[in-house]
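A short worksheet on the structure shown next.
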Amino acid sequence: MRKTFTNALGNKRGELLDGGHGEPSVDDNVKLASTMTNQELIESGNKTMDETDQAIERSKKVVEDTINVGAQTAQTLKAQTEQMGRIVNELDAMQFSIKKASQLVKEIGRQIATDRCIMVFLFLIVCGVIAIIVVKIVNPNNKNIRDIPGLAPPANGSSRRLLMAFDM
């Protein structure tokens, strides 16, 4: 049994060293289990166990490093998630501000349009009053044009009399 186990172990070890292809290579230091004494077998087993222990320690270090990298990645990811949340909140605030600004611009535009309409109507009224005044001055005897309220009718030289009273 010992020979079978040692030969199978040697074959598997050789396959691993060769990458799993071809015949196992035989080193000068490797002896067949049948030619080894019990003490040599124990030493070979202890050496293999030491190598295995070292490989396990290296694996533990790799796992520990992987865990540390994973923890750092998780912290970085958490920080980036919080940063993204802050950015989303700022974007929402900006969008709200832009909506308010748009509403104010629309309101100001309506006020300007209303002010312009009022100015146009006032301008038309002033032009109409000026036109009526000009027509009355140019042609005072025209009966088709009504008198403007608040303006006196045109003065005739004969209808007007100056009365002076002297008290002495």
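Residue by residue, segment 80-86 carries 3J(HN,Hα) couplings of 5, 5, 5, 4, 4, x, 5 Hz when phi is fed to the Karplus relation 6.51 cos²θ - 1.76 cosθ + 1.60 (θ = phi - 60°); x denotes Gly or Pro. Accessible surface of segment 54-130, 1.4 Å probe: 67 percent of it comes from carbon and sulfur atoms.
The values are calculated or read from the model by the stated rules, or taken from the named source; none is laboratory data. These numbers come from a predicted model, not from an experiment. For accessibility, only protein heavy atoms count, side chains too; no ligands or nucleic acids. Shrake-Rupley method; radii C 1.70, N 1.55, O 1.52, S 1.80 Å.
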